[in-house]
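The values are calculated or read from the model by the stated rules, or taken from the named source; none is laboratory data. Being a predicted model, the structure only gives us computed values, none of them experimental. Cβ placement follows ideal geometry from the backbone for every residue including glycine, while neighbour counts extend to all protein chains displayed.
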Amino acid sequence: MKIEGCRALVTGANRGLGKAFAEALLKAGAAKVYAAARDPSTITDSRLIPMQLDVTSSHDVAAAALGCSDIDVLINNSGAMLSTEILDPRAEQAMRQELEVNLFGMLRMSQAFAPVLAINGGGAIVNMLSVVSWYVYPFNATYCASKHAALAATNALRIQLKQQGTQVIGVYAGFIDTDMAATVTGEKTAPSQVADRTLYGIRMRRDHVYADSAAEGLWEMASTDPGKLEVLGQQLWDERRAWIS
């Protein structure tokens with residue numbers, strides 16, 4: 001589908017990747033971009049339409065579906081990452097919080113806007129996933145679990161919404177240079193690159209967007225020899241533990 005002239009809603013649009021998505025849509029010629037955030041006063045770009053939205057609130061999601069009934073692109077960008085190992089005493093609480101945003105928030109938005117998109121010709125739903133949709137980074141295990149679940153939900157949405165003409169896209173990236181990955185010292189991808197590759201994926205009707213070299217490499221491994229990903233996870237864990245001791 002065309003980005004030029006589209007009407008889009010981006011969740012978590014006040015900073016980081018969400019802000020990059022909103023800016024990329026405007027640059028590509030979108031006719032209208034709703035920028036959703038828990039605090040809409042943090043949306044300062046006058047070209048955007050601020051929307052109050054907490055994806056964990058059914059009330060907010062329902063209100064957004066009424067207030068943005070003209071959209072044909074939904075970008076589910078909101079995310080939570082609490083960097084928690086699986087045997088950490090806080091793991092259950094962390095996983096519940098991450099699932100509430102990364103899975104159930106995405107699901108609420110998709111359920112609320114699927115009828116809107118159908119009325120408006122099908123359009124597209126973009127779900128921001130991660131390379132850890134495919135493997136477990138052990139220092140962030142609860143987040144990985146939420147992204148594994150979000151991938152399954154995304155694939156199910158694609159199957160169910162095909163008949164109404166709605167494209168469902170999963171976007172995968174490694175660490176992105178935003179506040180969420182502020183403590184990461186390794187290679188990080190510019191948010192603008194993720195946004196640009198995603199819009200290209202919408203234009204080309206791609207079901208999956210590999211937004212950086214980490215995604216490209218890890219998907220190659222996941223699709224050809226998934227056992228290597230298990231070995232990688234164990235190596236990362238063992239090396240960190242050896243360094244600490």
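None of Ile169, Ile159 is outside any helix (DSSP H, G or I) and either over 13 Å from the mean Cα position of the chain (by Cα) or surrounded by 20 or more Cβ atoms within 10 Å (Cβ to Cβ) (or both) except Ile169.
Taking region 16-43 as the range and being of a type outside the set (A, V, I, L, M, F, W, C) and within 19 Å of Ala64 (Cα to Cα) as the test, the residues that pass are Gly18, Lys19, Lys32, Tyr34, Arg38, Asp39, Pro40, Ser41, Thr42.
Could you go through region 41-60 and let me know if any residue there is of a type in the set (Asp, Glu) and touching an Asp or Glu at 6+ places or on another chain (Cβ under 7 Å). Yes: region 41-60 contains one or more residues that are of a type in the set (Asp, Glu) and touching an Asp or Glu at 6+ places or on another chain (Cβ under 7 Å). Counting only residues that are within 15 Å of the chain's Cα centre (by Cα) and either surrounded by fewer than 22 Cβ atoms within 10 Å (Cβ to Cβ) or not in a loop (DSSP other than H, G, I, E, B) (or both), region 58-84 holds 6 of them.
Out of Val33, Val55, Val116, one residue alone is β-branched (Val, Ile, Thr), out of contact with any Leu (no Cβ under 7 Å at 6 or more places or on another chain) and not in a loop (DSSP other than H, G, I, E, B). It is Val116. Looking at the structure I just gave you, is Lys147 closer than 22 Å to Leu199 by Cβ, modelled with pLDDT of 95 or more and surrounded by fewer than 19 Cβ atoms within 10 Å (Cβ to Cβ)? In short, no. Scanning region 1-19 for residues that are part of a helix (DSSP H, G or I) and either modelled with pLDDT under 95 or surrounded by fewer than 24 Cβ atoms within 10 Å (Cβ to Cβ) (or both) yields one hit, Gly16. Residues that are surrounded by fewer than 16 Cβ atoms within 10 Å (Cβ to Cβ) and part of a helix (DSSP H, G or I) within region 194-221 comprise Tyr200, Arg203, Ser213, Glu216, Gly217, Glu220, listed in sequence order. Sort through Asp238, Asp196 and tell me the only one that's over 18 Å from Phe139 (Cβ atoms) and charged (D, E, K, R). Result: Asp196 is the single residue among Asp238, Asp196 that is over 18 Å from Phe139 (Cβ atoms) and charged (D, E, K, R). Would you point out the residue of region 152-175, among those that are touching a strand residue (DSSP E or B) at 6+ places or on another chain (Cβ under 7 Å) and among the aliphatic types (A, V, I, L, M), that is nearest to Thr198 (Cα to Cα)? Among those residues, the one meeting the criterion is Val171. Take the conditions (1) crowded, with 17+ Cβ neighbours inside 10 Å; (2) assigned to a helix (DSSP H, G or I); Glu100 misses just one of them, which is (1).
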